[in-house]
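Everything on this sheet refers to the single structure shown next.
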Amino acid sequence: MTDAVIQLNNLNKSFNHSSGSNHVLKDINLKVNSGEMVAIVGQSGSGKSTLLSILGLLELADKGSYELCNQNTRELSEFQLSQLRNQHIGWVFQNFNLIADMTVVENLTAPLRFNKKVKPSEYSQLIHDVLSKVDLTDKKDFFPDELSGGQQQRVAIARALICKPDILLCDEPTGNLDSENSQKIMDLLCELNKEGRTVLIITHDERVALCCQRAYKMSDGILCAVHNQEFKRVV
Ligand SMILES: Nc1ncnc2c1ncn2[C@@H]1O[C@H](COP(=O)(O)OP(=O)(O)OP(=O)(O)O)[C@@H](O)[C@H]1O
Ligand SMILES: [Mg+2]
């Protein structure tokens, strides 16, 4: 056993299309320890979201290994992968991805229904706890379009937290927010990290990257660590 919650060795991913194959991730090596907060920066199309999809077990790599919490993901069935995903991973996206015709409470209930470990009698306490965490208990019966962008992202973070994941994967979490709301979201993600959660954040915003302890840069499918002295210059 190691402290690594995420360990990739020589991971590769290509997408095939009519005019050939697109080699999107090239021999990626990455180790993230429990409780770290790590940024991934890089140009549009360089492969950041593809990498995050593999880390979140939404996509599978073609070659190389991925160990999530000391489990080799290649050996697992679809069912075991979905269990591992539900147990460990919470997602936060740029465009919030809330379900428009469901209230905040209904959006938060949806992932609980897939979690066989939680009894329906426990739902309301869990929902109250995550809404308190993001300071939105007064909005529980609102629909997403009745909330500001920053509030919607806080609901999305509450939804990411509801099944108590130990890893948060965030794809441009502040990409659609103004600087004040971005700061609120980063304060929240930093607080969640201080409580022990591992946080990975894809970002184009240097202020967001500078909140993280370490950064990687993706360039045309190749992932390189950004060293401390280069950190400010690169992000
Ligand atoms: N499902 C898919 N099928 C085919 N090609 C894909 C798929 N997903 C991503 N790609 C391709 O992989 C490459 C990397 O895409 P990706 O979304 O990972 O980039 P990104 O770094 O997240 O970019 P951005 O900053 O714009 O979000 C792109 O060329 C894209 O067209
Ligand atoms: Mg992307």
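Residues in the stretch 129-141 carry Karplus couplings, in order, of 4, 6, 5, 5, 4, 9, 6, 9, 4, 6, 10, 5, 9 Hz; the curve used is 6.51 cos²θ - 1.76 cosθ + 1.60 with θ = phi - 60°, and Gly or Pro positions show x.
For Asn95 and Val118, FRET efficiency with R0 = 35 Å and r from the beta-carbon atoms, rounded to 0.05?
0.85
For the stretch 1-100, the Kirkwood estimate of the hydrodynamic radius, built from every pair of different alpha carbons, is 14.8 Å.
Convex hull volume of the C-alpha atoms in the stretch 41-168, normalised per residue: 133 Å³. For the stretch 4-234, DSSP calls about 55 percent of its internal beta bridges antiparallel.
Can you give the Rg to Rh ratio of the stretch 120-176, both from alpha-carbon atoms, with Rh computed by the Kirkwood formula? Checking Rg against Rh, the ratio lands at 0.97.
The stretch between Asp62 and Leu210, if pulled fully straight at 0.36 nm per residue, gains 50.1 nm over its current Cα-Cα span.
Helical content of the chain, expressed as a calculated mean residue ellipticity at 222 nm, amounts to -10000 deg cm²/dmol (DSSP H runs of 4 or more residues, -39,500 (n - 2.57) each, divided by residue number, nearest 500).
Site pair Asn9 and Gln43 shows an inter-label distance of 3.2 nm when each label is modelled 7 Å from Cα along Cα→Cβ.
Potential lengthening of the chain between Asn228 and Asp178 amounts to 15.3 nm, from the contour at 0.36 nm per residue minus the alpha-carbon distance.
Size of the chain from its Cα atoms: along the principal axes, largest to smallest, the extents are 47, 42, 42 Å.
Hey, which of these cross-link pairs are over 23 Å Cα-Cα: Lys117/Lys194; Lys13/Lys48; Lys164/Lys194? The answer is Lys117/Lys194.
Here the contact order of the chain, divided by its residue count and restricted to Cα pairs under 8 Å and six or more residues apart, works out to 28 percent. Projection of the Cα convex hull of the stretch 125-228, averaged over all directions and equal to a quarter of that hull's surface, yields 7.5 nm².
Each reported figure results from applying straightforward, stated rules to the coordinates on display, with no laboratory input. What you are looking at is a predicted structure, and each value in this text was computed from that prediction instead of being measured. Glycine also receives a Cβ, built like all others from the backbone with ideal geometry; neighbour counts cover every protein chain displayed.
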